[in-house]
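We did not get these values from a lab; they are worked out from the coordinates using the rules stated. This is a predicted model, so every value here is computed, not measured. With ideal geometry, Cβ positions are generated from the backbone for all residues, glycine too; neighbour counts draw on all protein chains shown.
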Amino acid sequence: MFSLTLSFKGEHEFYEEESAESSIKGGLNMLIISVVGMSKSGKTTTIEYLISNLTREGYRVGSIKHIHHPEFSIDTEGTDTWRHIHAGAKITIALAPREIAIIRKTNAAPNDLESIIRLFGDEDLDVILIEGLRSLTAKRKDIPKIVTAKDKQDLIKTLEGMEPILAVTGIIAKKKDEVGEINVPLIDLDKEGDILLRLIKSQIRTTGS
């Protein structure tokens, strides 16, 4: 058995320590949650579940996905936008009836979270969900974490240096008997997803108040 030390106030409210780090929100009433875990542990499934259910209830959700592959491009070779960029444009905006895509070429991705959050511009969001970016969020006390894991050893490794934790989910939630007792919610999204949604909605209310 292993234990985690966390603090909660009220029934579901997450305790947020006062810190200069809280300036990330820039005065905006917006919750930022990081979903962190090893590959194939359930991060994308968790974020997909949260986005679909929160938006269904009327919440405005943004998301960030960290992509490790250095040669990745959202654009496709040979398209008009690809030709614009490869002709030398620093930024290209593709406008379609149902989607706007902004393609900006950089020498390196932003390495501070504040710069990344600013990319959302003046979008009026209730919550931003981050998949990955562990190095930028792990020790941020103003950003609650949802940890996904495949098994107990995976969970222990992921939790190293990680704080604060809102909940644990992912593949490991199907193996509760193997995990033992932990003092944070271990949530099986298929059966108990409403618990995680209530925790997040409580956080949104707290952040926006």
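In sequence order, segment 134-147 has phi-based couplings of 3, 4, 9, 10, 3, 9, 7, 6, 8, 10, x, 10, 10, 9 Hz under the Karplus curve 6.51 cos²θ - 1.76 cosθ + 1.60, θ = phi - 60°, and Gly or Pro positions carry x.
Database remark: amide H of residue 169 closer than 5 angstrom to the amide H of 147, 148, 149, 187 (H placed geometrically; neighbours at sequence offset of 5 or more, or on other chains; Pro and chain starts carry no H). Put in order of Cβ neighbour count within 10 Å, fewest first, the listed residues 30, 162 become 162, 30.
Sort 202, 115 so the one with the fewest other Cβ atoms within 10 Å of its own Cβ comes first. Could the numbers behind the result be given before it?
Values: 202 16, 115 10.
Least crowded to most crowded, the residues run 115, 202.
Cross-link reach is defined here as a Cα-Cα straight distance under 17 Å, omitting same-chain residues fewer than 8 places apart; for residue 145 the lysines meeting it are 9, 25, 43, 65, 157, 201. Extending 7 Å from the Cα toward the beta-carbon at both residue 98 and residue 118 defines two label points whose distance is 3.4 nm. Cβ-to-Cβ counts within 10 Å put 99, 114 in ascending order as 99, 114, the fewest first.
Estimated at 0.36 nm per residue, the fully extended path between residue 40 and residue 206 surpasses their Cα-Cα distance by 56.6 nm. Note on segment 87-155: with charges restricted to the Cβ of Lys and Arg (+1) and Asp and Glu (-1), its dipole about the Cα centre is near 360 debye. Net length available on complete extension from residue 55 to residue 87 is 7.7 nm, with 0.36 nm assigned per residue and the Cα-Cα distance removed. A dipole drawn for segment 81-209 from +1 and -1 charges on Cβ atoms has a positive end, and of 171, 187, 86 the residue lying farthest that way is 86. For segment 51-187, the share of DSSP beta bridges that are antiparallel, to the nearest 5, is 40%. With θ taken as phi - 60° and the Karplus curve 6.51 cos²θ - 1.76 cosθ + 1.60 applied, the whole-hertz 3J(HN,Hα) list for segment 36-48 is 10, x, 5, 4, 6, 9, x, 4, 5, 4, 5, 5, 4 Hz, x standing for glycine and proline.
Amide H contacts under 5 Å for residue 60: 126, 127, restricted to partners 5 or more places along the chain or on a different chain, H placed in the peptide plane at 1.01 Å from N.
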